[in-house]
Amino acid sequence: MTAADWTGPVAAILAMAAATYMVRFAGYWIMSRVPLTPFLRAALEALPGAIIVATVVPLAMRGGLSAWIGVAVAAATMLAVRKDIAAMAAGMGAVMAARAIGLP
């Protein structure tokens, strides 16, 4: 293996790591200068849920009935046990089971 074989991927990984660090640093730096009002605090607390919904719904729309079954099972599991990983595993398991029996 020559140096040319691995320098490109290593340089890309280092560049992505540096960009990620700079974006996170900039976010903390900017937010340290913004007064945290009750409205802003509520908006920031709602953000993770909004991101999950914005990611899952388009996938479920394209995934058919099995995807909606998975979403329903994941939501029910989350309400029952309040564990993210358990809800994700249950939802994925439901999608796999639904597709195994032939649901679209």
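Tabulated data for the structure shown
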{"quantity": "Residues being over 18 Å from the mean Cα position of the chain (by Cα) and in a loop (DSSP other than H, G, I, E, B) - total across region 68-104", "calculated": "4"}
{"quantity": "Set Gly49, Gly27, Gly8: member being free of Cβ contacts under 8 Å to residues at least 12 places away in the same chain and assigned by TED's automatic domain parsing to the domain that holds Met78", "calculated": "Gly49"}
{"quantity": "Output for region 33-66, where each listed residue is outside any helix (DSSP H, G or I) and open to solvent by less than 80 Å² (accessible area, probe 1.4 Å)", "calculated": "Val34, Thr37, Gly64"}
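The values are calculated or read from the model by the stated rules, or taken from the named source; none is laboratory data. Not measured: the values here are computed from a predicted model. Methodologically, a virtual Cβ is constructed for each residue, glycine included, from the backbone with ideal geometry; neighbour enumeration extends over all protein chains shown. SASA here: full protein model, heavy atoms, side chains in, ligands and nucleic acids out. Shrake-Rupley method; radii C 1.70, N 1.55, O 1.52, S 1.80 Å.
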